[in-house]
Amino acid sequence: MLEAYSRCWAEIDIKAIAHNVQEIQKLVGETKIMGIVKANAYGHGDVQCAKALKECGVDFFGVSSIDEALNLRNAGIDDNVLILGYTPEEHFHYLHEQNIIQSLVSLDYAKTLNEYAMTQNVQIRAHCKVDTGMCRTGIIYQDQSKNMDSILEEYQLSNIHVEGIFSHFPVSDELDKDSKEFTLHQIELFKEVLQQLEQHGINPGIRHIQNSYGILNYGDLGFDYCRPGLLYMGVTSDDSVEIESNPDFIPILSLYANVSLVKWIEPGQSVSYGRHFIAQKPTKVATMSIGYADGLPRLVSNKNLEVLVHGIRCPLIGNICMDQCMIDVTAVDDVKQGDVVCIVGQQGKEKVTIDEISRKAQTINNETLSCITSRVPRMEKRQ
């Protein structure tokens, strides 16, 4: 891939990560940070984000898969790396060869991993996953079924070194009474598991439960690590969601594209596939070199999403194509080929946010950012 500030590109303000980490640390006190860099750091660049986090003192990273863990190792990231998801059996060997920590998605999975480790005469590092309410992975420990014996069994496996334990919040982003009670009860259940482990003479190891909204809404819970993802990138999942804190984050990603063509169309002429935009008056149209194959969701077509041209808000018109889309620039003077369009970020005194795209696509910023594709180069932010 050619890297250039042209066609379409993202600019990453890597220096702003240090500021965002400081804002997180204000909320969680002495709790350490596990930087979540899965999905290419939510589209921001896993290696460059991990290196920036290391400079801030972060010594633990979370990924979703073995290939993401290996990508960090191949880039020289030798700190603790926890795989939060599933690693298939054919890739078990990387865990001990590359000193990678595996989350135990179930007791049966832990036993399979232990059998492999026994045949290889190795110890594999792991964290026990406790399901206190997400019902995704981990051993269920909820009011309906408290499988403490299974948790104890994982800690007692001969060739698995369980050096940590964690759970996950499904509704820490919601502040209604039911959601808060549910999250607080998850914390109680997690503490109950820790207490029982200690009563059995077992050191639970590293304890972590807080995701990004768990940090924003529940502050310092006194565990060893928290797991921010989007927070150190300066955004939340949804800017419209009320939170209990007031951090001063700096979004680190901006998204741009070039104008490739400017033309006037007359009343009755239509734009793009489906003819969903038909000009009602003479309209100056600019084509810009970004489309849904770059990560601009086709779902936001014809929903009056605005971008910035010369610092002026201009609406997208017609369906977004795979590699291109069109905007109404009638209100902007002197638009020409090569001009820079700001899709996310600031241009002049105006600003457009990733949240504007996500809201019109009826999704969250996690998805929108993660879907910025690999053909969009991540460039250093220009001053």
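The values are calculated or read from the model by the stated rules, or taken from the named source; none is laboratory data. Computed from a predicted model, the values in this text were never measured in an experiment. We place every Cβ from the backbone using ideal geometry, glycine too, and count neighbours over all the protein chains shown. These accessible areas exclude ligands, DNA and RNA; they are computed on the full protein's heavy atoms, side chains included. Shrake-Rupley method; radii C 1.70, N 1.55, O 1.52, S 1.80 Å.
For beta carbons closer than 9 Å, sequence separation of 6+ or different chains, a first residue in the stretch 81-104 that is touching a residue at least 12 places away in the same chain (Cβ under 8 Å) and a second that is surrounded by 15 or more Cβ atoms within 10 Å (Cβ to Cβ) and acidic (Asp, Glu), the qualifying pairs are 81/68; 83/68; 101/163; 104/154. Taking each residue of the stretch 107-121 that is in contact (Cβ under 8 Å) with a residue 40 or more places away in the chain and looking for partners that are open to solvent by less than 50 Å² (accessible area, probe 1.4 Å) and of a type in the set (Gly, Ala, Ser) with beta-carbon atoms closer than 6 Å, six or more apart or interchain, yields 107/150. When the stretch 264-279 is filtered for residues that are aliphatic (A, V, I, L, M), open to solvent by 30 Å² or more (accessible area, probe 1.4 Å) and touching a Lys or Arg at 6+ places or on another chain (Cβ under 9 Å), nothing remains.
Each row is one residue, and each column tells you yes or no for (1) modelled with pLDDT of 95 or more; (2) crowded, with 19+ Cβ neighbours inside 10 Å; (3) over 30 Å from residue 379 (Cα atoms); (4) in contact with a strand residue (DSSP E or B) (Cβ under 6 Å, 6 or more places away or on another chain).
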position: 210; (1), (2), (3), (4): yes, yes, yes, yes
position: 223; (1), (2), (3), (4): yes, yes, yes, yes
position: 232; (1), (2), (3), (4): yes, yes, no, no
position: 239; (1), (2), (3), (4): no, no, no, no
position: 250; (1), (2), (3), (4): yes, no, no, no
position: 256; (1), (2), (3), (4): yes, yes, no, yes
position: 262; (1), (2), (3), (4): yes, no, no, yes
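Taking each residue of the stretch 54-71 that is within 17 Å of residue 96 (Cα to Cα) and looking for partners that are among the aliphatic types (A, V, I, L, M) and modelled with pLDDT under 95 with beta-carbon atoms closer than 8 Å, six or more apart or interchain, yields nothing. Selection over the stretch 89-105 of residues that are farther than 20 Å from residue 206 by Cβ and either open to solvent by 30 Å² or more (accessible area, probe 1.4 Å) or among the charged types (D, E, K, R) (or both) gives a count of 6. Candidates 39, 75: the one that is open to solvent by 10 Å² or more (accessible area, probe 1.4 Å), closer than 26 Å to residue 296 by Cβ and of a type in the set (A, V, I, L, M, F, W, C) is 39. Looking at the stretch 229-239, can you tell me whether even one residue there is part of a loop (DSSP other than H, G, I, E, B) and among the hydroxyl-bearing types (Ser, Thr, Tyr)? Yes, there is a match, as at least one residue in the stretch 229-239 is part of a loop (DSSP other than H, G, I, E, B) and among the hydroxyl-bearing types (Ser, Thr, Tyr). For the stretch 212-221, the tally of residues that are part of a loop (DSSP other than H, G, I, E, B) and open to solvent by less than 50 Å² (accessible area, probe 1.4 Å) stands at 2. When the strands (runs of 3 or more DSSP E) confined to the stretch 1-85 are screened for residues that are β-branched (Val, Ile, Thr) and closer than 28 Å to residue 130 by Cβ, those reaching at least 1 such residues are found at 32-36, 60-63, 80-83. Across the stretch 127-185, the number of residues qualifying as among the aliphatic types (A, V, I, L, M), open to solvent by 30 Å² or more (accessible area, probe 1.4 Å) and in a helix (DSSP H, G or I) comes to 1. In this entry, residue 46 passes the filter for residues that are out of contact with any Gly (no Cβ under 8 Å at 6 or more places or on another chain), under 24 Å from residue 214 (Cα atoms) and open to solvent by 10 Å² or more (accessible area, probe 1.4 Å). Based on what the data block shows, is residue 204 part of a loop (DSSP other than H, G, I, E, B), under 30 Å from residue 53 (Cα atoms) and either modelled with pLDDT under 95 or within 24 Å of the chain's Cα centre (by Cα) (or both)? No, not satisfied. With a requirement of 1 or more residues that are open to solvent by less than 10 Å² (accessible area, probe 1.4 Å) and without any contact (Cβ under 8 Å) to a residue 60 or more places away in the chain, the strands (runs of 3 or more DSSP E) lying completely within the stretch 280-383 that satisfy it span 283-288, 306-309, 312-317, 325-328, 350-352.
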